[in-house]
Amino acid sequence: MITTLIGHNRGRVVDIAGDNLLAEFNSAVDAVNCGTEIQQELVQRNMELPDNR
């Protein structure tokens, strides 16, 4: 999901190590938009989890 959103926001994944990911964007606006979209997607996915998680 995250790598897909990075691509949709004109970014590219530079490196992945363990649970870390480094992405590069040509525009700070694209980077911020991507971060916002990632946060929104995580909120939606977390709403589907049971309350005890």
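Bear in mind these aren't lab numbers, they're just calculated from the coordinates by the rules spelled out. What you see is a predicted model, and the numbers here were worked out from it, not measured in a lab. With ideal geometry, Cβ positions are generated from the backbone for all residues, glycine too; neighbour counts draw on all protein chains shown.
Of note:
- Placing dummy labels 7 Å off each Cα toward the beta-carbon, the span from HIS8 to GLU24 is 2.4 nm.
- Dividing the summed helix terms, -39500 (n - 2.57) for each DSSP H run of n ≥ 4, by the number of residues in the chain produces a 222 nm estimate of -16500 deg cm²/dmol to the nearest 500.
- Label-point separation, ASN52 to GLN39 (7 Å along Cα→Cβ), nm: 3.1 nm
- For region 13-27, 3J(HN,Hα) computed residue by residue from phi via the Karplus equation (6.51, -1.76, 1.60; θ = phi - 60°) reads 7, 8, 7, 10, 9, x, 9, 9, 9, 10, 10, 10, 10, 6, 10 Hz, glycine and proline entered as x.
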